[in-house]
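Engineer: Dropping a structure here in structure tokens format, bear with me for questions.
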Amino acid sequence: MKQLREQVGTFTPDNLFYDTSFPVQTGAVKLAAGQGTLLRGTVVGKNDAGEFIPASETVAADEILTDDVDTGAEVGAAIVAETYISGSFNSNALIVDGDIAGHVAILRTKGIYLKATL
């Protein structure tokens, strides 16, 4: 018989969410293969082929990955991943190629609101 006080796992908060003042909704995207592991909180956008890659100065932000996703090391079939399509997020916890400030306005039009924590 298992003990009621037995530890079965751990949880480490990542502070990805700023607050719950705006509804959080999820969706799914097709990530381009061959990018290695993309971490939870990575901001992604569409490339010219219509697949999602990390947002950068040349790729507009669209959504935020909900979990770590291994896209593999080789180019191939796209990988389906779950994303956040709306919510209020901690801008300091997001992962982008470059500065997040360049993506704030476009994400706001999509229902993703960014706030910085101290």
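The values are calculated or read from the model by the stated rules, or taken from the named source; none is laboratory data. All of these numbers come straight from a predicted model, not from anything done at the bench. All Cβ positions, even for glycine, are placed from backbone atoms using ideal geometry, and neighbour counts span all protein chains on display.
Engineer: Given the conditions (1) more than 25 Å from residue 117 (Cβ to Cβ); (2) exposed (fewer than 15 other Cβ atoms within 10 Å of the Cβ); (3) touching a residue at least 40 places away in the same chain (Cβ under 8 Å); (4) over 15 Å from the mean Cα position of the chain (by Cα), which single one is not true for residue 21?
Structural biologist: (1)
Engineer: Filter the range 14-60 for residues that are assigned to a loop (DSSP other than H, G, I, E, B), within 13 Å of residue 97 (Cβ to Cβ) and aliphatic (A, V, I, L, M) and give the result.
Structural biologist: Once the filter is applied, which keeps residues that are assigned to a loop (DSSP other than H, G, I, E, B), within 13 Å of residue 97 (Cβ to Cβ) and aliphatic (A, V, I, L, M), the range 14-60 yields 39, 55, 59, 60.
Engineer: What number of residues within the range 8-65 satisfy the criterion of being touching a strand residue (DSSP E or B) at 6+ places or on another chain (Cβ under 9 Å) and closer than 19 Å to residue 79 by Cα?
Structural biologist: Residues flagged as touching a strand residue (DSSP E or B) at 6+ places or on another chain (Cβ under 9 Å) and closer than 19 Å to residue 79 by Cα within the range 8-65 amount to 33.
Engineer: Check whether at least one residue in the range 67-83 is within 17 Å of residue 108 (Cα to Cα), touching an Asp or Glu at 6+ places or on another chain (Cβ under 9 Å) and not small (Gly, Ala, Ser), and report yes or no.
Structural biologist: yes
Engineer: Is it the case that residue 104 is on the phi < 0 side of the Ramachandran plot, surrounded by 11 or more Cβ atoms within 10 Å (Cβ to Cβ) and either free of Cβ contacts under 8 Å to residues at least 12 places away in the same chain or in a helix (DSSP H, G or I) (or both)?
Structural biologist: yes
Engineer: Quick check on this structure: which one of 62, 97 is touching a Phe, Trp or Tyr at 6+ places or on another chain (Cβ under 9 Å) and among the acidic types (Asp, Glu)?
Structural biologist: Exactly one residue qualifies, and that residue is 62.
Engineer: Step by step: first the residues of the range 51-81, then only those that are loosely packed, with under 15 Cβ neighbours inside 10 Å and of a type in the set (Asp, Glu), then the one that is modelled with the lowest pLDDT. Which residue is that?
Structural biologist: Out of the qualifying residues, it is 74.
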